[in-house]
Every structure is written in C-alpha cells, then in structure tokens.
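The values are calculated or read from the model by the stated rules, or taken from the named source; none is laboratory data. Just so it is clear, the structure is predicted and the values come from calculations on it, not from any experiment. Cβ: placed from backbone, ideal geometry, glycine included. Neighbour counts: every protein chain shown. In case anyone asks, the SASA skips ligands and DNA or RNA and just uses the protein heavy atoms, side chains included. Shrake-Rupley method; radii C 1.70, N 1.55, O 1.52, S 1.80 Å.
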Amino acid sequence: MTNKELADLLLPNVDSDVSYYEEKYPERDLPEGAVVTRFAPSPTGFVHMGSLFASFIEKKAANDSNGVFYLRIEDTDQKREVENGVTGIINDLNNFDITIDEGMLSETEEKGAYGPYTQSKRRDIYQAYVKHLIEEGLAYPCFCSPEEIEETRQIQEKRKQRIGYYGRYAKCRRLTNEEIKEKVSNGEPYIIRFKSPGSFDNKIKVHDLVKGDIEFPENDLDIVILKSDGLPTYHFAHAIDDHLMRTTHVIRGDEWISSLPIHVQLFSSLGFKAPKYAHLSPIMKEEDGKKRKLSKRKDPEAAVSFYHEKGIPVPAVKLYLMTIANTNFEQWYDANKEKGLDDFKFDFKKVSGSGSLFDVDKLYNISKNYISYLKASEVYEGTLKWAKEYDEEFATILERHADYAAKLFNIEREQKKPRKDYSCFSMIKSQIWYMFDELYQNVTDYDFKTIQDKDEINHILDLYLNKYYHAEDDKETWFNRLKDLSEELGYAKEVKQYKENPDAYKGHVGDISMVLRVALTSRSMTPDLYELMHLLGEERVKERYLTFIKGNSD
Ligand code: GLU
C-alpha cells in the first residue's frame, strides 16, 4: 500500500492538491519591507492587558510599514469557547482604537482576501495539508488511546525521561501501511501525528526579534496535528494559517517560545518560509521593590475595562503602551512634543526582553498631560461620555449646563503651560463639583487653612462684599482690591512684605484670598479664583458668601 493510498484511506473526501491553496492565497502585493501581523486570540470574550499590548504592537508594526494587521480567531480548542466571544474581543480592540485591516468584524462577518479568518471554518484547508503530509510520508495516524498515552507518561516520569511521543515511545510511527489499514478497517479511532524528522541531540538556533538568537535542541516529538474532531492543533494551524495568510511577523506572548522548535520544523517540512518571530515577555509590576507579573487577580489595571471605567483617554493609554513597548519612546516624545504616535517608528530591538514594567502612576501622569492639552470642548465631551455610562446625575448636570461646563474646563487651558489637574475623566467631578449648584448643597466641610477663626472669616467676607467686591472688575483690578482689603484688615499686601516682617501683620494677601476661595467653594485647591468668581457671576457669588456667613454665625 502506497502512502497515497493510505492518505486516501484516512481522508477519503479531502483533495490533497495543496497547490490550489497556494494559488488562492498568493504572496501579498505590498511595498518592500511591509510587515503583515495578526492578533490571534481564542474567542474567550475579552482581551487582557497582555494581549492588548501585543495587539497594539502588532498594529503599530504593520502601520509603520504600510503592511497589514489582521484578526484571526483561533477556535480549534472548542472547550475554551464562549458565546459571543468574538464580539467581546472586537469591542475591546475597538475601544482602544485598534482597528483591523482584515479579518473578523463580528461573530460571522469578515473582510479580506485571505480568509476564512476563523480556524473552525478552515477545516478543509488543514485537512488538505495533512493529507499532503501523509502522502509525503511526513504524517501518520496514531491509534494510542488516552490511557496508553498516560501510561507512557508515567513510565517516562519514573525513568526521568522527557515526556512525549518520540523515539521508541512513538509506537504508531512504526506501523506499516498494511497494519494501519487493518486497524482502520477494524474501526479503531485515530488521530494524525506529524512524523518529526528531528533529533533531540541536534542543536538549532532560532532568531527572535526581541530575545535575540536562541539555541534549542531540535524537535523530535511527533506532535498531534489533526485531532479526532477533524480540527488541527494550535501548532499545525499556526503553520498553515500564518503561511497562507502570508504573515511576515508573528508577535505573541513568550509562553510560546518553547514551541519554536516544533514551529520551525513544521514550516520547513511543509516547504514554507517561516515568519519572523517576536516573543513578548509578560508585563511586569513592581511591588515592594520586587518585580512580578501583572496579575489579573491583584491588579485592577490588568483588565482592559479599567481604562474605560476610569475614563483615561484612549490616546493617552496608547502613548503609555508605546512607552512600555519601546524603551526609547519616552525620550523621543519629550523631544518631539508636537508630534504624535504615528511619527514614531516602532523598533523590535527596543522592546524590553525581560518584561516591560507597568506603572499606573506614570500612566496617570501621561493622561494628565494629555488631558491638559485638550480643548475645553473635548474635555467636556470626554467627561460627558464617561458620565453617561458611570454617573447619570453628573451627566444630566453637564448637559444642563453645557456652555458653563465648557467655560469651566477652559480655565487655565489653551495656554503655553496649561493647568494639569485632571488625570482622567472619572476624577473631574471630584475636582469641580462645587461649581454646580445642584451639587453644592448643604456643604459643611470647609477646608480653611491659616485663618480659622469664625469671626475673623466673617469679618473678611463682610468687608469684601460691602466694599471690595465689584463683579465687573478685570483681573488686575480684582487682585489690587484684595490687596487693599488685606491692608485694611492688617494683613500684608504682598507675601514678601509679610516674610520680611511677620510680626507687623496678621498674615498676608494669600491668607485673605484663601478665605475667599474656601468660603466660595469649600475647597482650598481650585482653579484660578478670579475665573471661578467670574463664571459663577455676581448673584451666585454674593449668595454663596451670604449663605456661608449666615451658617458660620450660628
Ligand atoms: N491563540 C493563541 C493564543 O491565544 C495565539 C498565539 C499566537 O499568537 O500565535 O495564545
């Protein structure tokens, strides 16, 4: 019995002419150096930070080179599947603006000429290549039961030998085609294994774009390539798909590094050119001076929903991801403030081989800086969008006072050194709530600083309202009046003056303006007081001070 006859016996309904697929999925017509990458998750319904990071890099590498970034769904392990698992992944990617050039668009729709982009829909393709390998004498059926495999494993363990189906343990590899035929006609179930041409004693070297040259023993495992359900294993699907989809760069987590000897061997046995590999280390976190992996259980920022819930603008998250993706990015960005992410070229050589460190404070800092350069209307829109999802009451207030809110967000903005006080949209309310009367109700907690004495506070406010408050004043006049008020009450007009002769004064103009600030807003840290008063308007300023004085007199 020839191998061809054996192949027909095992896969009777499959056409083994793989040249059909080679022609159907030709080399891509792309500019020289264009990088084709893919994000290839199982349809588990969500993306975690590690894979979001990988997909960000995949897209960036493709974009930088006018290449292609595509989404392939790897659902050959049907036990791991989740209902609507593809939708969840697509939503997560879209939320971070990681859009695809090709691949799955929803549970069922896709775009691109290299599909299907869902592995379970590629059964015929895999089986054609499996049949082809059987014909070439590079694959064979294995009739070992799970119990037998387990038994072998225990023996190997006892003998302190490598675990797996190889060498003398690869029983079915030695079956003749006639013996196989008999087993098949007896109805014995089987799977298909790759007949590894390798020897464990040989050393091979694989170049990884991130980790450099890595030396491995050659693969000698006869791995399963086609399972009893007719679907391929991950390894086989990886070789077939990345070849036929003409992936040039496989960027993935380094948990796959130990499989590289299998992968390079599969590519070579199939007559395919292997892609370039870039294995990313897990994202790390520093805790108590030690590094550990970012953990889904311990670190809220490991879930991609975190960024959405906090209202960290997506471009800021992307800037941060770039900071941890390429060690030279931060310096480049500092020197090229006016430029954007698209102007920076991703470099595999600048990826940390030992794992990028995730630092939430740094992320917030980047976000704070980013928000400070937004227009007031953008801050308004961002905050409103966040509030609509997480704080309905605040959303209603923002909509009711749209112009007012935009003016509020414009204070100390759109200037060379804008005020930096919002690190994410979710914290904006806690910084400016007092500017909305609906929220400024029954306030009792006033953050007075140097001047605490009730009578003194009331006295300052009284005099201010009756003599020094003129709503129409420009900023300079307003401030000069604060100085005059200070002088009249025995406080120094200038801080400097006070410092030179502290015994001569009760305090200084800063103490006075602090009283005005706190009595108006309850907070000691606010944006520019003059601007706040101006925005509140005469009536509300007076009303707030009078209400305060009244409450402070009881
Ligand atoms: N489906 C694999 C995973 O989710 C993809 C690995 C790869 O990118 O090759 O880990």
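Each of Glu32 and Ser259 was given a label point 7 Å from its Cα along the Cα-to-Cβ line. The distance between the two points is 3.5 nm.
Length gained on full extension, Leu357 to Tyr390, computed as 0.36 nm times the residue gap minus the Cα-Cα distance: 8.9 nm. Taking the DSSP bridge list for the chain and keeping only pairs wholly inside it, about 55 percent are antiparallel.
Each of the peptides 332-340, 266-274, 514-522 was scored by the mean count of other Cβ atoms within 10 Å over its residues; in descending order, highest first, they stand as 514-522, 266-274, 332-340. Rounded to the nearest 20 debye, the dipole magnitude of the chain is 1580 debye, with +1 charges on Lys and Arg beta carbons, -1 on Asp and Glu beta carbons, and the Cα centre as origin. Dipole of the chain (Lys/Arg Cβ +1, Asp/Glu Cβ -1, origin at the Cα centre): which of Ile257, Ser356, Leu11 lies farthest to the positive side? It is Ile257. How about Lys550: which lysines have a C-alpha closer than 22 Å to its C-alpha, ignoring those fewer than 8 places off in the same chain? Leaving aside lysines fewer than 8 places away in the same chain, those within reach of Lys550 are Lys449, Lys454, Lys467, Lys542.
For segment 416-484, the list of GluC sites (Glu not before Pro) that fall in a loop by DSSP and count at most 10 other C-beta atoms within 10 angstrom reads Glu472. With a cut-off of 15 Å between beta carbons, the residues surrounding Gly115 carry a summed charge of -1, where Lys and Arg count +1 and Asp and Glu -1. With 0.36 nm allotted per residue and the present C-alpha distance subtracted, the Ser145-Arg173 stretch has 8.6 nm of extension available. The Cα center of segment 13-81 and the Cα center of segment 426-498 differ in position by 61 Å. Distance between the pseudo-spin-label points of Lys4 and Lys499 (7 Å out from Cα toward the beta carbon): 9.6 nm.
Using the heavy atoms of the protein chains and a 1.4 angstrom probe, tell me the accessible area per residue for segment 94-237 in square angstrom.
51
Spatially close Lys pairs in segment 87-202, defined by Cα atoms under 26 Å apart and a spacing of eight or more places or different chains, total 16. Cβ-Cβ distance of Glu487 and Arg292, R₀ of 45 Å, FRET efficiency by 1/(1 + (r/R0)^6): the value works out to about 0.15. I'd like the distance between the alpha-carbon centres of segment 502-524 and segment 258-311, rounded to an integer number of Å. Their Cα centres are 54 Å away from one another.
Distance between the C-alpha centres of segment 201-221 and segment 96-130: 30 Å, rounded to the whole angstrom. Here the extension length gained between Lys195 and His48 equals 49.3 nm, from 0.36 nm per residue of separation less the Cα-Cα distance.
Which percent of the accessible heavy-atom area of the chain goes to carbon and sulfur, probe 1.4 angstrom? Carbon and sulfur: 47 percent of the exposed surface of the chain.
Residues within the reach of a label modelled at Gln415 (point 7 angstrom out along Cα to beta-carbon, backbone nitrogen below 12 Å), restricted to segment 432-475, are 475. Quick check: from the Cα gyration tensor, does segment 1-133 come out rounded (a/c under 1.5), prolate or oblate? Oblate shape, in that a/c is at least 1.5 and b/c is the bigger or equal ratio. Here Lys291 is the anchor, and the aspartates and glutamates within straight C-alpha reach of less than 13 Å, apart from those fewer than 8 places off in the same chain, are Asp359. Using the rule -39500 (n - 2.57) for each DSSP H run of four or more residues, divided by the residues of the chain, the 222 nm mean residue ellipticity is -13000 deg cm²/dmol. Say the cut-off is 30 Å between C-alpha atoms; which of Lys60/Lys285; Lys211/Lys285; Lys79/Lys318; Lys60/Lys385; Lys345/Lys420 go over it? Violating the 30 Å Cα-Cα cut-off are Lys79/Lys318. A Förster radius of 35 Å combined with the Cβ-Cβ distance from Thr327 to Arg162 puts the calculated FRET efficiency at roughly 0.40.
Shape of segment 62-136 from the C-alpha gyration tensor: oblate (a/c of 1.5 or more and a/b not above b/c, with a ≥ b ≥ c the square roots of its eigenvalues). Placing unit charges on the Cβ atoms of the charged side chains and taking the dipole of the chain about its Cα centre, the candidate lying farthest along the positive direction among Val47, Leu535, Val210 is Val210.
Set the Förster radius R0 to 35 Å, insert the Cβ-Cβ distance between Asp347 and Val443 as r into 1/(1 + (r/R0)^6), and round the FRET efficiency to 0.05.
0.05
Which shape class applies to segment 283-354: rounded if a/c is under 1.5, otherwise prolate when a/b exceeds b/c and oblate if not, where a ≥ b ≥ c are the square roots of the Cα gyration tensor eigenvalues? Oblate, since a/c reaches 1.5 and b/c is not below a/b. In this structure segment 417-554 gives 52 Å² per residue of accessible area when probed at 1.4 Å with all protein chains present.
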